[in-house]
Structure formats: C-alpha cells, structure tokens
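Before we start, here is the structure in question, set down as structure tokens.
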Amino acid sequence: MFSSGPQYQKLSTNLRLAINRLKLLEKKKTEMAVKARKEIADYLQAGKEDRARIRVEHIVREDYLVEAMEIVEMYCDLLLARMGLIQSTKELADGLEEPVASIIWATPRLLSEAQELAKITEQLTAKYGKEFAQSCRANALGVVNEKLVHKLSVQAPPRILIEKYLEEIAKTYNIAYVPDPCAVDSMQADLLFDNMNSNRGGGGSNGGGGRVHQSLPSVPFTYPPQQGVNPPPIGFGFVGNPQQDFSRQTKSEGAAFGGQPSNYDALPNLPDVPATIRGRPDEDDSNFDDLAKRFEELKRKK
C-alpha cells in the first residue's frame, strides 16, 4: 500500500527545480522583450503605429507573466526555507496561507511554463486537504496574492498603458511619436476623477475611495430653560433694562427649541429692606441741625 500523506523530500526537490526553471524563464522572456522593443521601434519608424500597438500588447502580457513568475518563485523559495515548519505542524501555519494558496491558484495558469508546479500542488494538497486546495483554485478564501491575480488575468491591457510603452520605446530609440488623442483624453479624465475623489476626503489612504466630510453648523448650542429655576438677580451681567433683557433672552431660547417662551416676564416680588438698615430719619435731621448751628457760629467769629 502506498502512503497517501505528503512526501516532504519530493516537495523540497520540486520546489528547488521550480525556482531554477522560473529564473531561466524570466531571463529568457526579458531578453525576448528587449528584441521585441527594437522591432516595435522599427514599426514606429515606418509609420505602422497600429501594428506597433499590437506588438506592444504582447510585450505587456509578457511583462505581466514575468512579474507573476517572480512572485511564484518568491513563494517557492519561502516554502523551501520553512520546510521544517511545514513538517512539524499538521495545520497550516501562520504566514504560509498566502504562499500556499497563491502557488495552488497559479499552477493551472503556469503549468505550461513550469511542470514542477503540478507536483508541488499535489504534495500541498496531500498535506492540507483537497477541500483547501479546491478553495485556493477558486480563490474562495480571498488569500491569493492580489498582484498575482492581476498579472495573470485574461483582460486586455489598458490603452493608456500601451501608449506609455510606445512613448518610452520611441524615446529610447529617438523616434518622433504622437500618442493617440483618445487615450490621452481618457488618461486626463481618469486623473481628473482621481483628483476629485482625493479632494473629497480620499487615501487613503483614509488611502482608500473618499468619504465626504460634512462640516458642522456654526450656530452655537443653547440649552433650554429649566423649569422651577429662579432668574439671576437684577443688574447681574445685564446692560440697560435687566428685566427686558432677561425676558427677551428666555423667549429666544424657548423658541429655538420649538417650545413655548419661558414665563420670565414678571419678576418675583422681593422683600423690603428693614428700616433699621436704611437708617433713622430723626437722627439724620438732628445731625443736619448741628452742622447748621456750627456754620453760623463760624460766621459770627469772622
């Protein structure tokens, strides 16, 4: 009976082979891209811009493929460095979920370039289970490297990227080239849209899609009048007629909160001041008479 468990020696060997093969493919495709750029420059020189754009799209896809290979090569190197951790743990260790899922996801897309990836995926499936491998192929867990997904997508490159490639190639070979006006207009529209989003409160990111921050009203907050609280004493902090000012203030506060104006128009009756505090009228008159007599005596002496 053959063992259904993972074979770590086989996994390590295929990881090393995949790293070496991916490095050779990256170098080969980079050299081919350099030669293709010279061919595109010849097309531009001859005025065959449409033909040059088609060739540039091939170069963009090859560049994407090289970048994807670099990511997979990096993950293979990481798994090889952490082989001891893979052997000692039954569950998927922290920090290995994205590399393992990315390799399993990229294997069907890079199988024609590196056959060793199929054997690596076979061992990883035996280690972590078929259900996990199936989830990785569909990226159901959402842990596959986003850059890798973008580089291996089947969508056509954007027109503005193709125009940028053509500009750089023409600049490198000293060829006069005027970009496509439609692509330039679309680029300016995208830049304008991005600036509008950033001015609205974008990064962000905060960055990143701007949230619109609403400014708070500048009207100061006033508290509603409380029932059963006596008004402040007359003349305390008021200018002019204190009774009118206080009644006007309480009415505006009550109307500001949708209620009825406060009934502060009539001030409470204050107690009279005792006569002992005011001073006795008889004593005041006698004192005045004494002063008058002394004044008359001083006149006579003069």
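Under a crude label model (7 Å from the Cα following the beta-carbon direction), how far is E146 from E91 in nanometres?
Distance between the two pseudo-spin positions: 2.7 nm.
Mind checking the log10 I(q)/I(0) for segment 84-176 at q = 0.17 Å⁻¹? Debye, one equal scatterer per Cα, no solvent, two decimals.
So the normalised log intensities are -0.77.
Dividing the convex hull volume of the Cα atoms of segment 1-114 by its residue count, what figure in Å³ per residue is obtained?
So the per-residue hull volume is 114 Å³.
If you stretched the chain out fully between L24 and A118, how much longer would it get, using 0.36 nm times the residue separation minus the C-alpha to C-alpha distance?
32.0 nm
Could you rank the peptides 60-67, 104-111 by their average count of other C-beta atoms within 10 Å per residue, with the highest value first?
104-111, 60-67
Over 27 Å between C-alpha atoms is what I'm after, so list which of K90/K151; K10/K130; K28/K171 land there.
K90/K151
Just to be sure I understand the model, the point goes 7 Å from the Cα along the line to the Cβ. What's the resulting L291 to Q7 distance in nm?
Here the modelled spin labels are 12.8 nm apart.
Quick one: accessible area per residue over segment 1-87, 1.4 Å probe, rounded to a whole number of Å²?
It amounts to 61 Å² per residue over segment 1-87.
Tell me which of P108, L11, L24 sits at the most positive position along the dipole axis of segment 1-113, charges placed on C-beta atoms (Lys, Arg +1; Asp, Glu -1).
L24
The values are calculated or read from the model by the stated rules, or taken from the named source; none is laboratory data. None of the values given here were measured: they were computed from a predicted structure. No Cβ is skipped: glycine too gets one built from the backbone with ideal geometry, and neighbour counts run over all protein chains shown. Only protein heavy atoms, including side chains, enter the accessible area calculation; ligands, DNA and RNA are left aside. Shrake-Rupley method; radii C 1.70, N 1.55, O 1.52, S 1.80 Å.
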